[in-house]
Amino acid sequence: EPEVTQTPSHQVTQMGQEVILRCVPISNHLYFYWYRQILGQKVEFLVSFYNNEISEKSEIFDDQFSVERPDGSNFTLKIRSTKLEDSAMYFCASSLDRGGVAEAFFGQGTRLTVV
Amino acid sequence: EDKVVQSPLSLVVHEGDTVTLNCSYEVTNFRSLLWYKQEKKAPTFLFMLTSSGIEKKSGRLSSILDKKELFSILNITATQTGDSAVYLCDVDQTGANNLFFGTGTRLTVIP
């Protein structure tokens, strides 16, 4: 069964460092998303991406964040200068379409710990 | 302000019990409501509901949507310890490119 894969599963980084979280969406999917979940809190939308550009982003997704699809398979989230409050589980998701009834498939997440 | 509210926040039941989880919403341009199960990590998809009054079933799980009263319920019958998880309700909006999650209901099933 096709699945969304994320690497690494856990990353610990020092405050101020840049991190890149990697995701390989399902191969025929066209829409890609990043979400985060701070421990004990709800899942929060960060950004959606379609046709090689951001289609929507939340208030959380400020200038410290960027996304990229550098080749035909990877979808990355970069945090330029990490802060303690960036510690969270980051989920990548992909879906086949947004024009009709479709569900997003989630990866297993990357746990980011900023110290 | 758009919101999705789930209740209860937490529930502890014994194996074999039946549970009903609630999700109410107030969102603009409602398109569909989705239920997810989140165990240790990523949410996994359970149901998508777009029409009122049509029950969706998968084994011991079922769900129904009421678009007039703006809520959905997720029923789990004959609960098992493997049903222990956080159940997330999410609303999909027309014209929006993201999913809008509720806070979740943490279900714990004890033997």
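The values are calculated or read from the model by the stated rules, or taken from the named source; none is laboratory data. These numbers were taken from a predicted model, which means no experiment stands behind them. Glycine also receives a Cβ, built like all others from the backbone with ideal geometry; neighbour counts cover every protein chain displayed.
Worth pointing out:
- When every residue of segment A:43-54 is checked against the conditions, none turns out to be assigned to a loop (DSSP other than H, G, I, E, B), acidic (Asp, Glu) and more than 24 Å from B:TYR87 (Cα to Cα).
- B:THR94 facing chain A (nearest Cβ under 10 Å), farther than 14 Å from A:GLU44 by Cα and of a type in the set (S, T, N, Q): yes
- Number of positions in segment A:15-39 that are more than 14 Å from every other protein chain (Cβ to nearest Cβ), outside any strand (DSSP E or B), within 22 Å of A:THR113 (Cβ to Cβ) and of a type outside the set (Gly, Ala, Ser): 3
- Any hit, segment B:93-104, residues being in a strand (DSSP E or B), modelled with pLDDT of 90 or more and surrounded by 12 or more Cβ atoms within 10 Å (Cβ to Cβ): no
- If only residues of segment B:97-111 that are within 13 Å of chain A (Cβ to nearest Cβ) and touching a residue at least 24 places away in the same chain (Cβ under 8 Å) are counted, the one that is farthest from B:ARG31 (Cα to Cα) is B:ARG106.
- Just one of the listed residues (A:SER48, A:SER55, A:SER95) is touching a His at 6+ places or on another chain (Cβ under 8 Å) and within 11 Å of chain B (Cβ to nearest Cβ), and it is A:SER95.
- Out of A:SER9, A:SER27, A:SER94, one residue alone is touching a strand residue (DSSP E or B) at 6+ places or on another chain (Cβ under 7 Å), surrounded by fewer than 18 Cβ atoms within 10 Å (Cβ to Cβ) and touching a residue at least 12 places away in the same chain (Cβ under 8 Å). It is A:SER9.
- Residue in segment B:25-41 that is closer than 18 Å to A:GLN37 by Cβ, hydroxyl-bearing (Ser, Thr, Tyr) and in a strand (DSSP E or B) present: yes
- Candidate set: segment B:12-48, residues that are within 14 Å of another protein chain (Cβ to nearest Cβ) and among the small types (Gly, Ala, Ser); chosen: the one surrounded by the most Cβ atoms within 10 Å (Cβ to Cβ): B:ALA42
- A:PHE91 under 25 Å from B:GLU39 (Cα atoms) and under 11 Å from the mean Cα position of the chain (by Cα): yes
- Residue within segment B:57-77 that is within 14 Å of chain A (Cβ to nearest Cβ) and either of a type outside the set (A, V, I, L, M) or not in a strand (DSSP E or B) (or both) present: yes
- Residue in segment A:66-82 that is surrounded by 13 or more Cβ atoms within 10 Å (Cβ to Cβ), under 28 Å from B:LYS3 (Cα atoms), more than 14 Å from chain B (Cβ to nearest Cβ) and in contact (Cβ under 8 Å) with a residue 60 or more places away in the chain present: yes
- Applying the set (1) modelled with pLDDT under 95; (2) over 17 Å from B:THR44 (Cα atoms) to A:LEU21 leaves exactly one unmet item: (1).
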